[in-house]
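What follows is a set of notes on a single structure, which appears directly below.
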Amino acid sequence: MAGFKVHVVLYLLVLCSTGSLSYDPPHFEMKRISNQPIISSWDKNSEFLYNYNVAYMPTENDANVVTLLVRVQDLLNDSKTIYDVGPSKIAVSQSLDSTYLKYSNVTHGNIIIDNDIPIQSVGAEDPRVVLYEGTYYLFYTAVSKTTDDRWRAQLALATCNNDCLKKASWNIRGPLFPDVFWCKSGSLLIHNSTHRYLFFNDSNIAIARTNDLVHYELTNDFLLRTRSDYFDSDLVEAGPEPLKLSDNNYLFLYNSARRTNISNPKPGWALEYNLGWTILNGNNPTEVLARSDQPIFSPELDWEKCDNRSGVWTDRGLTPLVIFIEGWKKTAENTFLVWYQGCDTTTGLAELKVTFPTSTPSQATMMTTTPSQATITTPILIYFLIFIRVFTFFV
């Protein structure tokens, strides 16, 4: 009988400890700080026609200055339409005041990553950058063409330690996965000294791992996949690096695409890009606690839509119906500045605020069981009370 009592007590303890509660995600509010582009050739603050896909580059010596890495592009000399573009390059621009709405003129002298080596002869695109222990790790897409005229995209890495506003200071380390024909869009998460993850690619978001931040090992795992019945049904693509929220979990923004029938001037174009979010487990960032059912940011303004009803922007947008995120900065607890692009053409600025329900459990008592749930471990005091109750019942 005593053995029976012990087994009953253990069963009840296990039963109570494995009960789960749905993770209650925070609320997201994202607002444009300006309804006009902050970097645009039409505003005469760039020598390049297209200025987009901006990364935020943290600075150690001047926290009040924002440095941006901008993908820049011009038309080909013999272009017949606005879609006949030349190679992309990555240039630097810095804020001119504390509003972060005005930036230094983007010139050819500001280019730090050029298309002057074979792996990126067709362009260097889509920067994302992380500063860690005095070194910048810049991930970008190196685009080339094969001998049989096929486009090839390779996720590449460049690093820099000093004087990083100059091209000569950057060390081009080349493709991360030389044997992979098509990969791009790398977002680095340095969780701790032993767990570092690269979330990358543009159909589904895959996971790679690294020990030294220079060499990366592919896994067979995916962080996010497309969902057929949601706003991210055609594509998911990494945003900037995940950042911590006040509950000690990570917020990861991701770009997405879905089919649309909105009339636009680009031949054959039928996608709309929107912004989604995920909450990653602060103890194990490869586990998703929650994911957005609806986008938190979508093309709304004329220079973000560039469709057939966008006035002068109908004839300016390289890719209609696109907003895309690659750079952000934490400005306060659960508050972020987010730089985004419109129509693969210009750069805008928004603010994202995250608020939690007052009853949200702390991360210290949270473990993931499914992508949208977290198991809440029962406190020791409750264990003890259950034990006493069951024990006295059988005695």
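Within the bounds of region 158-172, is there any residue that is open to solvent by less than 30 Å² (accessible area, probe 1.4 Å) and closer than 27 Å to Asn281 by Cα? Looking through region 158-172, none of the residues is open to solvent by less than 30 Å² (accessible area, probe 1.4 Å) and closer than 27 Å to Asn281 by Cα.
The residues of region 158-171 that are in contact (Cβ under 8 Å) with a residue 24 or more places away in the chain and in a loop (DSSP other than H, G, I, E, B), listed by number, are Asn161, Cys164, Leu165, Lys166, Trp170.
The set of residues in region 45-64 being assigned to a loop (DSSP other than H, G, I, E, B) and either closer than 17 Å to Leu96 by Cα or in contact with a Pro (Cβ under 6 Å, 6 or more places away or on another chain) (or both) consists of Asn45, Pro58, Thr59, Asn61, Asp62, Ala63, Asn64.
Does Leu188 fit the bill of being in contact (Cβ under 8 Å) with a residue 60 or more places away in the chain, in a strand (DSSP E or B), closer than 13 Å to Ala156 by Cα and open to solvent by less than 40 Å² (accessible area, probe 1.4 Å)?
yes
The test for being closer than 17 Å to Glu326 by Cα and open to solvent by 20 Å² or more (accessible area, probe 1.4 Å) does not hold for Leu138.
Restricting attention to region 218-233, report how many residues are crowded, with 19+ Cβ neighbours inside 10 Å and of a type outside the set (A, V, I, L, M, F, W, C).
Counting residues in region 218-233 that are crowded, with 19+ Cβ neighbours inside 10 Å and of a type outside the set (A, V, I, L, M, F, W, C) gives 1.
If you go through region 306-319 one residue at a time, do you hit one that is modelled with pLDDT of 95 or more, buried (at least 17 other Cβ atoms within 10 Å of the Cβ), closer than 24 Å to Gln73 by Cβ and touching a Gly at 6+ places or on another chain (Cβ under 6 Å)? Checking region 306-319: at least one residue is modelled with pLDDT of 95 or more, buried (at least 17 other Cβ atoms within 10 Å of the Cβ), closer than 24 Å to Gln73 by Cβ and touching a Gly at 6+ places or on another chain (Cβ under 6 Å).
Of the residues Asp202, Asp247, Asp229, which single one is touching a Phe, Trp or Tyr at 6+ places or on another chain (Cβ under 8 Å) and part of a loop (DSSP other than H, G, I, E, B)?
Criteria check complete, one pass: Asp247.
A single member of Val236, Val214 is surrounded by fewer than 17 Cβ atoms within 10 Å (Cβ to Cβ), of a type in the set (A, V, I, L, M) and either touching a Phe, Trp or Tyr at 6+ places or on another chain (Cβ under 7 Å) or not in a strand (DSSP E or B) (or both), and it is Val214.
Would you please list the contacts, defined by Cβ atoms under 6 Å and residues six or more apart or on different chains, that run from a residue in region 256-275 that is under 13 Å from Cys306 (Cα atoms) and open to solvent by 70 Å² or more (accessible area, probe 1.4 Å) to a residue that is part of a loop (DSSP other than H, G, I, E, B) and among the charged types (D, E, K, R)? Close Cβ pairs (under 6 Å, with a partner that is part of a loop (DSSP other than H, G, I, E, B) and among the charged types (D, E, K, R)) do not exist here.
The lone criterion from (1) on the phi > 0 side of the Ramachandran plot; (2) out of contact with any helix residue (DSSP H, G or I) (no Cβ under 9 Å at 6 or more places or on another chain); (3) not in a loop (DSSP other than H, G, I, E, B) left unmet by Gly174 is number (2).
Taking region 35-63 as the range and being modelled with pLDDT under 95 and under 23 Å from the mean Cα position of the chain (by Cα) as the test, the residues that pass are Pro58, Thr59, Glu60, Ala63. Condition check for Lys330 on (1) open to solvent by less than 40 Å² (accessible area, probe 1.4 Å); (2) farther than 30 Å from Tyr83 by Cα; (3) of a type outside the set (Gly, Ala, Ser): one failure, at (1).
Tally time: how many residues in region 81-112 are β-branched (Val, Ile, Thr) and either open to solvent by 30 Å² or more (accessible area, probe 1.4 Å) or in a loop (DSSP other than H, G, I, E, B) (or both)? Summing the residues that are β-branched (Val, Ile, Thr) and either open to solvent by 30 Å² or more (accessible area, probe 1.4 Å) or in a loop (DSSP other than H, G, I, E, B) (or both) in region 81-112 gives 5. Residues in region 282-301 that are farther than 23 Å from Asp234 by Cβ and open to solvent by less than 10 Å² (accessible area, probe 1.4 Å): Gly282, Pro285, Leu289. Would you confirm whether any residue within region 69-80 is part of a loop (DSSP other than H, G, I, E, B), open to solvent by less than 60 Å² (accessible area, probe 1.4 Å) and more than 30 Å from His191 (Cα to Cα)? There is at least one residue in region 69-80 that is part of a loop (DSSP other than H, G, I, E, B), open to solvent by less than 60 Å² (accessible area, probe 1.4 Å) and more than 30 Å from His191 (Cα to Cα). Would you confirm, using the coordinates I've provided, whether Val122 is surrounded by fewer than 22 Cβ atoms within 10 Å (Cβ to Cβ) and more than 15 Å from Ser46 (Cβ to Cβ)? Judged against the criteria, Val122 is a match.
For (1) under 15 Å from the mean Cα position of the chain (by Cα); (2) part of a strand (DSSP E or B); (3) among the charged types (D, E, K, R), each residue gets a yes or a no:
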site	(1), (2), (3)
Ser256	yes, yes, no
Ile262	no, no, no
Gly282	no, no, no
Pro285	yes, no, no
Ala290	no, yes, no
Glu300	no, no, yes
Asp307	no, no, yes
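The number of residues in region 101-157 being of a type in the set (D, E, K, R) and free of Cβ contacts under 8 Å to residues at least 60 places away in the same chain comes to 8.
Taking the criterion of being outside any loop (DSSP other than H, G, I, E, B) and surrounded by fewer than 24 Cβ atoms within 10 Å (Cβ to Cβ), the residues of region 19-44 that qualify are Ser20, Leu21, Ser22, His27, Phe28, Glu29, Met30, Lys31, Arg32, Ser41, Trp42, Asp43.
The values are calculated or read from the model by the stated rules, or taken from the named source; none is laboratory data. For clarity, every value in this text was computed on a predicted model and none was experimentally measured. Here the Cβ is made from the backbone with ideal geometry for all residues, glycine too, and neighbour counts use every protein chain on show. Ligands, DNA and RNA are excluded from the accessible area calculation, which covers all protein heavy atoms including side chains. Shrake-Rupley method; radii C 1.70, N 1.55, O 1.52, S 1.80 Å.
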